[in-house]
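Inspection log for the structure reproduced underneath, given as structure tokens.
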Ligand code: ADP
Ligand code: ASP
Ligand code: MG
């Protein structure tokens, strides 16, 4: 993909016409009425003189329902066929939205991922976009049409249909915005912006006016499902201004940009969380140093994503290694470790499921030592035991029991004064 920004087309009268990419998530296109509403939003941008590309998700819970159908047939369906199945969801929405636009008197054309020129690596279920040929979309825009593109899908070099991972329509939208050098990418969803934490879990969660790409990237990677992490990566790398906003409420959303205008200067900007985490411990590792690299090379070769790692070696003794994974990867992890027992040379494996990861994120942490200590203090005073920790310049993550997850999020949200009007460090 090529980089670069701002491609305003100078019009004869001196007006500037821009290009806007809009994305509507599942709930926002969950009924024909909502699809009509999405069409209205696209038309508003068109009427402002912009070229418009609209990326859409499958209607409502369609993707979950399709996954359910596959499970009725097979416990481990072919990944290729799974992609073939799931991509039908988005295909329904693109055609209906295009019809809605036509109905309202606007010219429009819909494209599936492959028709839109979106090429991915040869992986099924979680493929990365490797190349986008924007020519077809550009030609249609040049003819004045609103172009509607199916999110979450692409095509591999050998012509198989692929998907970008759950929530991947965000990534389609931002990648298109990057390659088309759009002025902005608007992510329309069922919340009015990015909040200090998931508003479905914490009543006092507050909408953020703006956030940096790095903060958003951490939040997304640490479980804040409001944006697909790879979408934020694209936005950061290609400097695409992003706004997360409501498809029904007419209010400004959250702007994600390089240097956000800080409406408040809180050290912690958000709390992210995810459950279904398992801790695996390899005990009695004969050669801890070699063991570390061998274990993770072996797991990586099997596409098992390892998160927090803790190693402990006592002088002259065997060592131990603990790491966290997603619950879904446990069976495969145990199999891989067992199959490589002779090379890895360990005594035994223990695992603990029913865990969750709770993280605090904020770029102000860099210059504020003691934030981690404060987090541990809050958790301990709420009787919550921390089982694993990992930190970076702008986040602290803790692994705790799943049953304490919401309590921990609420306590941290309160302690770092994220609810209501910020009172600290203003
Ligand atoms: P869409 O279908 O539009 O892509 P998603 O369900 O993927 O919508 O993302 C929106 C949801 O993300 C919200 O309904 C909310 O529950 C969840 N969410 C998680 N963390 C946050 C957060 N920090 N701010 C806002 N929403 C969040
Ligand atoms: N329809 C897909 C999903 O539900 C992709 C998306 O909505 O972004 O995960
Ligand atoms: Mg989503």
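The values are calculated or read from the model by the stated rules, or taken from the named source; none is laboratory data. Since the model is a prediction, treat every value here as computed from it, not as a measurement. So basically every Cβ, Gly included, is an ideal-geometry build from the backbone, and we count neighbours across all protein chains shown.
Could you list, in sequence order, the residues of the range 143-169 that are part of a loop (DSSP other than H, G, I, E, B), within 16 Å of ligand 3 (Cβ to nearest atom) and in contact with a strand residue (DSSP E or B) (Cβ under 9 Å, 6 or more places away or on another chain)?
Taking the range 143-169 as the starting set, the residues that turn out to be part of a loop (DSSP other than H, G, I, E, B) are 143-145, 151-152, 156-160, 164-168.
Applying the additional criterion that residues be within 16 Å of ligand 3 (Cβ to nearest atom) yields 151-152, 164-168.
Within the range 143-169, 151, 152, 164, 168 qualify.
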Of 230, 245, the only residue that is away from ligand 1 (no atom under 13 Å from the Cβ) and surrounded by 21 or more Cβ atoms within 10 Å (Cβ to Cβ) is 230
Determine whether the range 161-173 contains at least one residue that is over 19 Å from residue 17 (Cα atoms) and away from ligand 1 (no atom under 16 Å from the Cβ).
-> yes
Collect the residues in the range 297-330 that are in a strand (DSSP E or B) and closer than 17 Å to residue 348 by Cα, keeping them in residue-number order.
-> 310, 311, 312, 313, 319, 320, 321, 322, 323, 324
For residue 191, are the conditions met, namely being over 27 Å from residue 418 (Cβ atoms) and either within 13 Å of ligand 2 (Cβ to nearest atom) or modelled with pLDDT of 95 or more (or both)?
-> no
When restricted to 271, 267, the only residue away from ligand 2 (no atom under 16 Å from the Cβ), crowded, with 17+ Cβ neighbours inside 10 Å, modelled with pLDDT under 90 and under 25 Å from the mean Cα position of the chain (by Cα) is 267
Is it true that residue 393 is at pLDDT below 95 and closer than 29 Å to residue 281 by Cβ?
-> yes
If you scan the range 1-31, which residues turn out to be more than 23 Å from the chain's Cα centre (by Cα), modelled with pLDDT of 95 or more and either within 16 Å of ligand 1 (Cβ to nearest atom) or loosely packed, with under 13 Cβ neighbours inside 10 Å (or both)?
-> 31
For the range 103-114, state whether one or more residues are more than 25 Å from residue 227 (Cβ to Cβ) and assigned to a strand (DSSP E or B).
-> yes
Can you name every residue in the range 310-325 that is touching a residue at least 60 places away in the same chain (Cβ under 8 Å) and under 25 Å from the mean Cα position of the chain (by Cα)?
-> 324
Please enumerate the residues belonging to the range 170-188 that are away from ligand 2 (no atom under 12 Å from the Cβ) and outside any strand (DSSP E or B).
-> 175, 176, 177, 178, 179, 180, 181, 182, 183
Unique residue being more than 16 Å from ligand 3 (Cβ to nearest atom), modelled with pLDDT of 95 or more and closer than 24 Å to residue 159 by Cβ when the list is 35, 43, 94, 73 | 94
Working only within the range 207-240, note down all residues that are more than 16 Å from ligand 2 (Cβ to nearest atom), free of Cβ contacts under 8 Å to residues at least 60 places away in the same chain and in a helix (DSSP H, G or I).
-> 213, 216, 217, 221, 236
List pairs: first in the range 194-206 and part of a loop (DSSP other than H, G, I, E, B), second loosely packed, with under 15 Cβ neighbours inside 10 Å, Cβ under 7 Å, 6+ apart or cross-chain?
-> 204/420; 206/420
If you take the residues of the range 177-216 that are crowded, with 23+ Cβ neighbours inside 10 Å and within 13 Å of the chain's Cα centre (by Cα), which of them is nearest to ligand 1 (Cβ to nearest atom)?
-> 194
Subset of the range 46-70 that is touching a residue at least 24 places away in the same chain (Cβ under 8 Å) and over 22 Å from the mean Cα position of the chain (by Cα) - its residue that is nearest to ligand 3 (Cβ to nearest atom) | 52
